[in-house]
1. Could you check region 1-35 and list, in sequence order, the residues that are open to solvent by 20 Å² or more (accessible area, probe 1.4 Å) and of a type in the set (Ser, Thr, Tyr)?
2. If residue 82 satisfies all but one of (1) in contact with a Pro (Cβ under 6 Å, 6 or more places away or on another chain); (2) over 16 Å from residue 194 (Cα atoms); (3) small (Gly, Ala, Ser), what's the number of the condition it fails?
3. Just the residues that are closer than 28 Å to residue 73 by Cα and surrounded by fewer than 19 Cβ atoms within 10 Å (Cβ to Cβ), please, taken from region 120-134.
4. Give all pairs with beta carbons closer than 7 Å in which a residue from region 52-80 that is under 18 Å from residue 20 (Cα atoms) meets a residue that is in a loop (DSSP other than H, G, I, E, B); count only pairs at least 6 apart in sequence or on separate chains.
5. Restricting to region 153-172, count the residues that are β-branched (Val, Ile, Thr) and over 19 Å from residue 40 (Cβ atoms).
6. If you check 147, 234, 161, 151, which single one turns out to be modelled with pLDDT under 90 and either surrounded by 22 or more Cβ atoms within 10 Å (Cβ to Cβ) or among the hydrophobic types (A, V, I, L, M, F, W, C) (or both)?
7. For residue 137, only one of the following conditions fails: (1) open to solvent by less than 60 Å² (accessible area, probe 1.4 Å); (2) at pLDDT 95 or above; (3) closer than 23 Å to residue 175 by Cβ. What is its number?
8. Could you say whether any residue in region 96-105 is free of Cβ contacts under 8 Å to residues at least 12 places away in the same chain, of a type outside the set (D, E, K, R) and open to solvent by 70 Å² or more (accessible area, probe 1.4 Å)?
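The values are calculated or read from the model by the stated rules, or taken from the named source; none is laboratory data. These numbers were taken from a predicted model, which means no experiment stands behind them. Methodologically, a virtual Cβ is constructed for each residue, glycine included, from the backbone with ideal geometry; neighbour enumeration extends over all protein chains shown. Accessible surface areas use protein heavy atoms only, side chains included; no ligands, DNA or RNA. Shrake-Rupley method; radii C 1.70, N 1.55, O 1.52, S 1.80 Å.
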Amino acid sequence: MIEVRNITKSFGSLQVLKGIDLHIGKGEIVSIVGPSGAGKTTLLQIIGTLDKPDTGSVYVDGIDTTTLSQKALSDFRNRHLGFVFQFHQLLPEFTALENIMIPAFIAGTQHKEAKERAEELLRFMGLSDRAHHKPAELSGGEKQRIAVARALMNNPAVILADEPSGSLDTHNKQELHQLFFDLRDRFGQTFVIVTHDEQLATITDRTIHMRDGLLQQTERLAADDNGRMDDGAADDNGQRIVEAADNNGRMLDGAADDNGQRIVEAADNNGRMLDGAADDNGRREDGATDNSGQRNV
């Protein structure tokens, strides 16, 4: 879905991104967290084609967006990407319905088709009765849901959200966060979310940590046998399991225990994790199975 390869970005003498590699799969809900100045928003803007990297490539749906002309880039952005910002950015002179329809008009969609799609989205948001209200007549939570509907208007491949719940109260935050998951379940939507909201970060499929222009680690939720994301994996002490990543965001082969011993998870050729681990010499540890399925001790 999204493939970021060796992205760097500087503003004058300040290097904001220092070689980012990142893959995001279709239907994933991924949060990007880190302190202010870590490069989160710059990375999101580059993924969203709102800015260009100094070096590297960004692929969305198999297309290298860094090679597109300005006209082709504008068309790609309109048709393949949706944006949600901290503040709704709704146009005050238009109704909720009209605001949602704007991306379709830019894409050249006929009025009837655009209206039907906007009304469908309003129904999904539970806001059909607010269709003809202008932004000043809507609550904060309603405005943000209208902004999400506008982002979905052209059936984009991915929604990019920059602090989408930052201006909302606790109740509206929770409703917005649940909406993201409902949209993924209904439309198979992919979300990349920059956030300082710890509650949102803990429920996304994957949390990517950034610091000083580098990816530090990725925290994943565990999936059940049906592929649904569980609330989170924990070790025997109740600690959250964190997959380690190098500075470019690539997953390392393993981690180290408190004694500094290297732990390596083994996978078969189909990518399934085996029962045990291997030591640095490739020998199977306790609880592992050999190729014939026999338990080793």
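1. Once the filter is applied, which keeps residues that are open to solvent by 20 Å² or more (accessible area, probe 1.4 Å) and of a type in the set (Ser, Thr, Tyr), region 1-35 yields 8, 10, 13.
2. Tallying (1) in contact with a Pro (Cβ under 6 Å, 6 or more places away or on another chain); (2) over 16 Å from residue 194 (Cα atoms); (3) small (Gly, Ala, Ser), residue 82 fails exactly one: (2).
3. Once the filter is applied, which keeps residues that are closer than 28 Å to residue 73 by Cα and surrounded by fewer than 19 Cβ atoms within 10 Å (Cβ to Cβ), region 120-134 yields only 120.
4. Cβ pairs passing all conditions: 60/157; 65/49; 66/52; 66/53.
5. Of the residues in that region, 1 qualify.
6. Values: 147 fails: modelled with pLDDT under 90; 161 fails: modelled with pLDDT under 90; 151 fails: modelled with pLDDT under 90.
Every option except 234 fails the conditions.
7. (1)
8. Within region 96-105, one or more residues are free of Cβ contacts under 8 Å to residues at least 12 places away in the same chain, of a type outside the set (D, E, K, R) and open to solvent by 70 Å² or more (accessible area, probe 1.4 Å).
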